[in-house]
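The numbers here are math on the coordinates, done by the rules we state, and not lab data. If you're wondering where the values come from, they're calculated on a predicted model, not measured in any experiment.
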């Protein structure tokens, strides 16, 4: 099965893909470095050098590269904060809808009066949910709330947006929009790395966030390894 993976913060620290061939895909929006093995390709949304913050990611180049390389099915793994007490750090979720009201959209249609109908295909999620069980329980049908970054949300902002969805992040909505426009099928997976600001009685900063990501590293590596087995 020909599948592209979009990875995030955790893969920066992982050696799982170290042996994959490195290639550069040139696009009208800039070059994209990716790793490829057989019918799989991996793009780290934050880049392969110094990780770019979410608001600086070249989303259009990343998605165009996957389309130009001939991929149609995309599995994305995003790091998210939980907006619900029942979704603690370490939980794996799949989002079927999203809210993105805080910033201008990333689009391929800068000069055309058109746009794709928004949505998340999740065509591979039923297969992954079935085959990953019982080792991994994936909570499906979640709603992703996207905020701009690079800072985390204030406690007041979280009090508002926790009524909008289940998890919060800074990247997935742009990717889903662009995949629709490019004719790619976007599949959402996300791992909860922290509770959103104030939800666990404490604050959130990048040092604490990085500690949370590190604590989930083994789980993320194992999740990717199992997906590669299932989708080969």
ask   = For the chain, what is the relative contact order in percent, using Cα pairs closer than 8 Å and at least 6 residues apart in sequence?
value = 28 percent
task = Take the Cα atoms of the stretch 132-232, find their three principal axes, and give me the spread along each one in whole Å, biggest first.
result = 44, 34, 22
inquiry  = Let me check the size of the chain from its C-alpha atoms; what are the radius of gyration and Dmax in Å?
reply    = 16.6, 48
inquiry  = Per DSSP helix of 4 or more residues, -39500 (n - 2.57); summed, then divided by the residues of the chain. What does that give at 222 nm, rounded to the nearest 500?
reply    = -8000 deg cm²/dmol
message = Expected output is a single nm value to one decimal: the length gained when fully extending between residue 33 and residue 127, i.e. 0.36 nm times separation in residues minus the C-alpha distance. What is it?
response = 31.0 nm
task = With all distinct Cα pairs included, what does the Kirkwood hydrodynamic radius of the stretch 1-77 come out to in Å, to one decimal, could you say?
result = 12.4 Å
task = For the chain, give the share of DSSP beta bridges that are antiparallel, in percent and rounded to the nearest 5; count only bridges with both residues there.
result = 35 percent
